[in-house]
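Since the structure comes first, as structure tokens, the remarks are kept for the end.
Taken together, the values in this text are just the output of simple stated rules run on the coordinates, not laboratory data. Fair warning: this is a prediction, and the values are worked out from it, not measured in the lab. Neighbour counts are summed over all protein chains in view; Cβ atoms, including those assigned to glycine, are modelled from backbone coordinates with ideal geometry.
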Amino acid sequence: MHHTKTLQLRIKDKHAKVLSAMAREANTVWNFCNETSHRAIREKCTWLSAYDLQKLTAGYSKCDGVQIGSATAQCVCEQYALRRRQFKKAKLRWRVSDPKSSKYSLGWIPFKVGCVKYKAGQVCFAGHKFSLWDSYGLADYVLRSGSFTQDTRGRWYLNVAVKVLIKISTGKGSVGIDLGLKEAATASTGERIEGRFYRKLESELGIAQRAHKKHRVKAIHAKIANQRKDMLHKFSTQLVASNAAIFVGDVASAKLVKTKMAKSTLDAGWAMFKTMLEYKSQQAGVVFEVVNESYSTQTCSCCWGIPASSPRGRAGLRIREWVCSDCGTVHDRDINAAQNILAAGHRRLAGGITAPSRR
Ligand SMILES: [Zn+2]
């Protein structure tokens, strides 16, 4: 089962140079088409078809130093013929490669099915590997045709039609996830994402804010958002791939009253993660449930009691590790909480009685 949609992903800026060089080549093909087609109309009264133009430009991709493959050159010819028909014109505008020109054409490199492949966080095209902000989790999709395009600020994007694969997860495990404060998430298996991973960028942000560099502040915020999204995609994909059931705590307000953090801030951060887990689980046939996480931090996941030694209150938030005073088990606070969430999830699936939700 599958359906098709188009995704746009931002390519990392370090690749701008290579992409601009390829865009120049695409422009060369375009301009050749424009000139040749116009001359044929003028001199022989013939309108060259996309196929004619493809034959005439066939040798270009084999020239020394040309990076775009024959498929991309063919795409340019097709697009040229299409636009000429669309605008009912014998001649179209030249594509201008000089960025200093006022008539500069924003970079554009079309590609056909099979020319772009995703591998380990990068897309491969024409012998190059491009890193990108993977805001969709490209590993879950089959990439079709599309284009690389540039915006007015010189940023490059991958626009690609995708087939959404609905593949059933082969994972057999089940996992509970404790969504912490400060954006750290911990799985009952011990896997985790660290909170405030962008601390480094935050200091940069502070500097930019104090210097009143509005654009820079905006850019850093975007970078942080992209990195967070990227990280959440990777974590959620990994969790869905290795499990048959996933349970997430509901980030009880009890946790929040102990901190100064606004509930809305935290909710916004985790809502995206829950959404990802939910749709990925749905696509993969994995059970996904949000469970009440009351007492998940205080309960000992080993003896089920709430021992006197468990982390409590505001001070409890700083405790990373604790020992159960009843059974002697040493706990990582967050893993223990995640294990309790997992147990609550299992109770829910079994139809057992769960504590009423606070919401
Ligand atoms: Zn215990």
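Could you tell me what percent of the DSSP beta bridges with both partners in the range 2-165 are antiparallel, to the nearest 5? Write down the numbers at each step before the final one.
Details: 29 of 30 bridges.
Antiparallel bridges make up about 95 percent of those DSSP assigns within the range 2-165.
Rounded to the nearest 5, what is the percent of antiparallel bridges among the DSSP beta bridges in the chain? The antiparallel proportion sits near 75 percent.
Potential lengthening of the chain between Lys89 and Ile168 amounts to 23.4 nm, from the contour at 0.36 nm per residue minus the alpha-carbon distance. Length gained on full extension, Ser49 to His212, computed as 0.36 nm times the residue gap minus the Cα-Cα distance: 53.2 nm.
Points 7 angstrom from Cα along the Cβ direction at Val287 and Arg24: gap in nanometres? About 6.0 nm, to one decimal. Each residue in Cys75, Cys302, Cys324 was given a count of other beta-carbon atoms within 10 angstrom of its own, and listing them fewest first yields Cys302, Cys324, Cys75. Backbone geometry of the range 58-66 corresponds, through the Karplus equation with coefficients 6.51, -1.76 and 1.60 at θ = phi - 60°, to 3J(HN,Hα) couplings of 4, x, 4, 5, 8, 5, 4, x, 7 Hz, x marking Gly and Pro.
Label sites at Asp230 and Ala16, each approximated as a point 7 angstrom past Cα along Cα to Cβ, lie 1.7 nm apart.
I'm checking a number: the convex hull volume of the Cα atoms of the chain, normalised per residue, in Å³. What is it?
Numbers: hull volume 65.3 nm³, N = 359.
Per residue, the Cα convex hull of the chain comes to 182 Å³.
As a proxy for reagent exposure, Lys112, Lys100, Lys280, Lys213 were ordered by neighbouring Cβ count within 10 angstrom, fewest first; the result is Lys100, Lys213, Lys112, Lys280.
Need the list of lysines near Lys200 for cross-linking: C-alpha distance under 21 angstrom, and skip anything on the same chain fewer than eight residues off. Reachable lysines: Lys12, Lys14, Lys182, Lys213, Lys214, Lys218, Lys223, Lys229, Lys234.
The angle separating the long axis of helix 214-242 from the principal Cα axis of greatest extent in the chain is about 70 degrees.
Starting from one equal scatterer on each C-alpha and no solvent at all, send me the Debye-based log10 I(q)/I(0) for the range 163-252 at q = 0.13, 0.14, 0.25 Å⁻¹, two decimals. Per q value, in the given order, log10 I(q)/I(0) is -0.58, -0.64, -1.21. Rounded to the nearest 10 degrees, the angle from helix 70-87 to the longest Cα principal axis of the chain is 70 degrees. Given R0 = 22 Å, the distance between the Cβ atoms of Ser101 and Glu35 translates into a calculated FRET efficiency of 0.75.
Listing Thr149, Thr297, Thr275, Thr36 from fewest to most neighbouring C-beta atoms within 10 Å gives Thr275, Thr36, Thr149, Thr297.
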